[in-house]
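The values are calculated or read from the model by the stated rules, or taken from the named source; none is laboratory data. On a predicted model such as this, the values are computed, not experimentally measured, just so you know. Because the Cβ atoms are built from the backbone with ideal geometry, glycine has one as well, and the counts that use them run over all protein chains shown. With ligands, DNA and RNA removed, areas are computed over all heavy atoms of the protein, side chains included. Shrake-Rupley method; radii C 1.70, N 1.55, O 1.52, S 1.80 Å.
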Amino acid sequence: MPDTASPAAPPAATTPTTPDFSAPVAPGLVWSDALSLSMPVMDQTHVEFVDLLAEVQAAPDGRLVSTWQALIDHTDAHFAQEDRWMLATGFAPGSCHMTQHSVVLKVLREGLQAGMQGQLALIRQMAHELTLWFPHHAQTMDAGLALHLKSVGHDPFTGELSHPDALPAQAINGCGGACGDTGPGTQKEAA
């Protein structure tokens, strides 16, 4: 008897689900030990950033713009502090880490302007994107910075260095070790 069964239907095509950025959502990022850099001052600033980002994600429409502004204000101070540490310990002003800070702040401020014009979904989408960006930034660029600061004995409160001889011979132009910028000519040779 011939096989009269119809061939199996091909699997249904799946399309990625687009997140709904029109309403508050649960926090997409929660502080954990995986984000810790074992540098208390930097870790505390990062905890505050993660907490403010969670507040943005959970904010009702009526509070979204003001909560976003608070996140921008904190992030501006956060990045400025890291930038001061980098400049004080041998990073070039145009290093990729500082450049990334500048670009992120510019985008956050553009989101604020859009939010003030009623484009709240854009702020919510940006908040979601920050939950993806921040862990990578912290675990690469900030981890490299933390290691660099420890290697030169940088005191984040006084700015004093206990190992000034460990400062780089030339300005660090990359990401502070996270992007392979520690080759010849970027760090003092080990004695």
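With a ≥ b ≥ c the root eigenvalues of the C-alpha gyration tensor of region 64-157, is it rounded (a/c under 1.5), prolate (a/b larger than b/c) or oblate? Kindly include the intermediate steps, with their values, before the conclusion.
On the way: a/c = 2.62, a/b = 2.28, b/c = 1.15.
In terms of gyration-tensor shape, prolate.
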Legend entry - Local net charge near Ala121, Cβ-Cβ under 12 Å (Lys/Arg +1, Asp/Glu -1): -1
Legend entry - Exposure rank, largest accessible area first [Leu52, Leu35; 1.4 Å]: Leu52, Leu35
Inset, instruction - Report in % the part of the accessible area of region 15-90 that belongs to carbon and sulfur, leaving out ligands and nucleic acids; probe 1.4 Å. - result: 58
Inset, instruction - Would you grab the residues whose amide H sits under 5 Å from the one on Ile172? Only those 5+ places off in sequence or on another chain, please, with H modelled 1.01 Å from N. - result: Phe91, Ala92
Legend entry - Accessible surface, region 49-157, averaged per residue in Å² (probe 1.4 Å): 42
